[in-house]
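Here the structure comes first, spelled out in structure tokens, and everything after it is commentary.
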Amino acid sequence: MKLKLSTLPAYLKLDRVVLADKLDKPAAWIPELPKNKEEFEARKAGGEKFDRVPSSLVPLCERMVKAAAEHDGVGIAANQIGINRRMCVIKEPGVTDEFRVFFHPSYTVDGESKLELRPEGCLSVPRYQMQVPRQTIILAEWFEFDSDTGKLVSMRELFGGDLARIYQHEVDHLLGRSILDYAPRDIRRNKTAFIKKLVSLR
Ligand SMILES: [Zn+2]
């Protein structure tokens, strides 16, 4: 199939989203923030205050929200737009239009969880949907700034439904994975070649 530039999806023309074959795993934790609950407690006990979003993170968070909204996505991980930080933004479809920022997101699988196959798309894998197995219930852990007090809070919450799926998708990106990693090898190879072709036309 011969591709013409005019047939490219709009978000590829915007030249912002890193495609799946180029996704790098963020190498560093966000240095301004504690990387886990233990470090959070230790730094707080040591007198450190986390009363504002560190100023270097503000424009990055704004870029992520803008990119996700512009591309009509429900979530985006920082490394998908070339930001080397362990954070993502997510909005829960049908629940809110606001994106929530997750710093250092991680999760464990709840004992009641089951694996469920459902189709997923991804901004880094244009024009493709595939059945991806995800856990139905996860215990998510992350940090966020409380919008009322502005203070950094260590969060821990059970997620189910779409939110659980989107969260696992974004954490995957931060581990350097995309939905293509769940595809059979031949499909992954074909799709990667297709993506490379799209890139060469940019
Ligand atoms: Zn994605």
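The values are calculated or read from the model by the stated rules, or taken from the named source; none is laboratory data. This one's a predicted model, so the numbers in the text were calculated from it and none came from an experiment. Here Cβ is always computed from backbone atoms with ideal geometry, including for glycine, and neighbour counts include all displayed protein chains.
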In the stretch 27-48, which residues are in contact (Cβ under 8 Å) with a residue 40 or more places away in the chain and either small (G, A, S) or not in a helix (DSSP H, G or I) (or both)?
A27, A28, W29, I30, L33, P34, K35, N36
Yes or no: the stretch 130-147 includes at least one residue that is more than 16 Å from the chain's Cα centre (by Cα), more than 22 Å from I30 (Cα to Cα) and of a type in the set (S, T, Y).
yes
Test K25 against the criterion of being at pLDDT below 90 and either closer than 22 Å to S147 by Cα or basic (K, R) (or both), and give yes or no.
yes
Just to be sure, is I179 in contact (Cβ under 8 Å) with a residue 24 or more places away in the chain, within 16 Å of the ligand (Cβ to nearest atom) and in contact with a Cys (Cβ under 6 Å, 6 or more places away or on another chain)?
yes
Hey, any hits in the stretch 54-71 for a residue that's at negative phi, within 14 Å of the ligand (Cβ to nearest atom) and part of a loop (DSSP other than H, G, I, E, B)?
yes
Identify, please: which residue in the stretch 28-56 is modelled with pLDDT of 80 or more and of a type in the set (A, V, I, L, M) and is, among those, farthest from L175 (Cα to Cα)?
A45
I'd like to know if the stretch 93-103 contains one or more residues that are part of a loop (DSSP other than H, G, I, E, B), modelled with pLDDT under 95 and under 21 Å from N36 (Cβ atoms).
no
Given the criteria within 16 Å of the ligand (Cβ to nearest atom) and modelled with pLDDT under 95, does I83 qualify?
yes
Condition set surrounded by fewer than 17 Cβ atoms within 10 Å (Cβ to Cβ), charged (D, E, K, R) and away from the ligand (no atom under 16 Å from the Cβ), scope the stretch 111-150, selection modelled with the lowest pLDDT: answer is D148
